[in-house]
Amino acid sequence: MVGIDAAIANAFRRILLAEVPTMAVEKVFVYNNTSIVQDEILAHRLGLIPIRADPRLFEYRNQGDEEGTEIDTLQFQLKIKCSRNPQAAKESSDPNELYFNHKVYSKHMTWVPLGNQTDLFPDADFRPVHDDILIALLRPGQEIDVLMHCVKGIGKDHAKFSPVATASYRLLPDITLLQPIEDEAAETLQKCFSPGVIEIQNIKGKKVARVANARLDTFSREVFRHEGLKNLVRLARVRNHYIFSVESTGILPPDVLVTEAIKILMGKCQRFLNELDTVPME
């Protein structure tokens with residue numbers, strides 16, 4: 001983002017963390033749980049599993065509504081039981097050989113359509129973002145049978161609704177070589193920065209350093225440890241150029257998340273302007 005104030009950049013960051021909605025497990029109905037994981041811990045673990053479902057397709061559940069509907073709730077079932085493998089070798093001690101279904105993964109969560117969701121979302125593939133999230137370990141005879149309701153929410157209410165793992169920004173580095181740096185000094189300078197920042201060109205038989213891509217620099221300031229180089233390089237930052245790093249949890253792509261954050265900020269600005277219009281002028 002170029003040409004904006006730090007407050008605007010930080011507003012986007014905070015909106016990405018706390019105000020872009022997602023779908024997450026809100027209610028867990030435990031019908032049977034004989035594993036060593038307590039019901040409350042199991043429900044908490046299930047709530048933190050990111051669900052691949054576009055929140056723009058759903059509405060917020062009304063306050064006080066106990067029963068979900070097809071427009072505000074996704075229902076998942078987790079039903080699994082551990083049993084012995086009769087074909088396992090007698091001398092084996094590997095649980096993977098001795099037991100069936102002894103590891104409960106997020107891939108065992110299956111979508112159970114509510115109402116007419118099958119017609120509303122004919123091509124839908126609602127499921128956890130990752131199939132290999134370990135939920136619990138079982139032993140023969142133990143089982144888990146739960147029903148989950150996923151609702152739309154925002155990270156400001158609970159971290160499980162946050163659509164990003166991290167969202168941060170930094171200023172664009174500005175690296176200036178104050179005079180030509182050649183030969184051995186050029187090679188030393190190149191090693192002071194991240195790969196790709198400084199490149200060495202061969203000009204008239206001499207190795208000459210130049211700034212190739214300042215964007216890749218991490219501001220290690222390693223160059224200032226070298227007496228022969230510290231006065232030849234100027235490090236600065238472009239004060240109105242922000243480089244954002246958005247790491248999605250996988251529910252929505254990062255570009256979609258940024259677009260939604262912009263829409264939310266625009267909505268906030270519009271509401272503020274509307275409020276100003278309603279204030280009587282003296």
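The values are calculated or read from the model by the stated rules, or taken from the named source; none is laboratory data. Nothing here was measured: the structure is a model prediction, and the numbers come from that model. All Cβ positions, even for glycine, are placed from backbone atoms using ideal geometry, and neighbour counts span all protein chains on display. Ligands, DNA and RNA are stripped out before the accessible areas are found, and what is left, the full protein with its side chains, is counted by its heavy atoms. Shrake-Rupley method; radii C 1.70, N 1.55, O 1.52, S 1.80 Å.
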For this session: Please name whichever of Phe121, Ala212, Leu178 sits farthest to the positive end of the charge dipole of the chain, dipole taken about the Cα centre and charges placed at Cβ: Lys and Arg +1, Asp and Glu -1.
Result: Leu178
For this session: Select from the chain the helices, each a whole stretch of DSSP H, whose alpha-carbon atoms run 20 Å or more along the helix axis and whose Kyte-Doolittle mean is at least 0.0; answer none if there are none.
Result: 254-278
Exercise. By its C-alpha gyration tensor, with a ≥ b ≥ c as the square roots of the eigenvalues, how is the stretch 179-231 shaped: rounded for a/c under 1.5, else prolate for a/b larger than b/c, else oblate?
Worked result: oblate
For this session: Sketch the reach of a paramagnetic label on Val238 as a point 7 Å from Cα along Cα-to-Cβ, and name the residues of the stretch 197-211 whose backbone nitrogen lies under 19 Å away.
Result: 197-199, 210-211
Seminar exercise, completed: One finds the C-alpha centres of the stretch 1-70 and the stretch 184-215 to be spaced, in Å, by 47 Å
Problem set entry | Relative contact order for the chain, counting Cα pairs under 8 Å that sit 6 or more residues apart, in percent | 26 percent
For this session: With a 1.4 Å probe and every protein chain kept in, tell me what percent of the accessible surface of the stretch 22-161 is carbon plus sulfur.
Result: 48 percent
Problem set entry | Segment Glu59-Lys206, extension gain: residue separation times 0.36 nm, minus the distance between their alpha carbons | 46.4 nm
For this session: Would you pull out the residues with amide H under 5 Å of Cys150's amide H, same chain only if 5 or more places away, H placed 1.01 Å from N?
Result: Glu26, Leu74, Gln75, Phe76
Exercise. Using the alpha-carbon centroid of each, what span in Å lies between the stretch 259-282 and the stretch 166-180?
Worked result: 35 Å
For this session: Can you figure out the FRET efficiency of Leu48 with Glu199, using R₀ = 25 Å and their beta-carbon distance, to the nearest 0.05?
Result: 0.05
Problem set entry | the chain - mean residue ellipticity at 222 nm from DSSP helices (-39,500 (n - 2.57) per run, n ≥ 4, rounded to 500) | -7000 deg cm²/dmol
Exercise. Going by the alpha-carbon gyration tensor, a ≥ b ≥ c the square roots of its eigenvalues, is the chain rounded (a/c under 1.5) or, if a/c is not under 1.5, prolate (a/b greater than b/c) versus oblate?
Worked result: oblate
Exercise. Does the stretch 41-174 classify as rounded, prolate or oblate by the C-alpha gyration tensor (a ≥ b ≥ c root eigenvalues; a/c under 1.5 gives rounded; else a/b over b/c gives prolate, otherwise oblate)?
Worked result: oblate
For this session: Treating only the Cβ atoms of Lys and Arg (+1) and Asp and Glu (-1) as charged, compute the dipole magnitude of the chain about its Cα centre; round to the nearest 20 debye.
Result: 1120 debye
Exercise. If you bin the C-alpha pair distances of the stretch 151-282 every 10 Å from 0, what whole percents do you get?
Worked result: 10, 27, 20, 17, 15, 8, 3, 0
Exercise. Got the relative contact order for the stretch 22-161 handy, in percent, Cα pairs under 8 Å and 6 or more residues apart?
Worked result: 43 percent
For this session: Compute the length gained on full extension between Leu265 and Ile8: take 0.36 nm times their separation in residues and subtract their Cα-Cα distance, giving the result in nm to one decimal.
Result: 91.6 nm
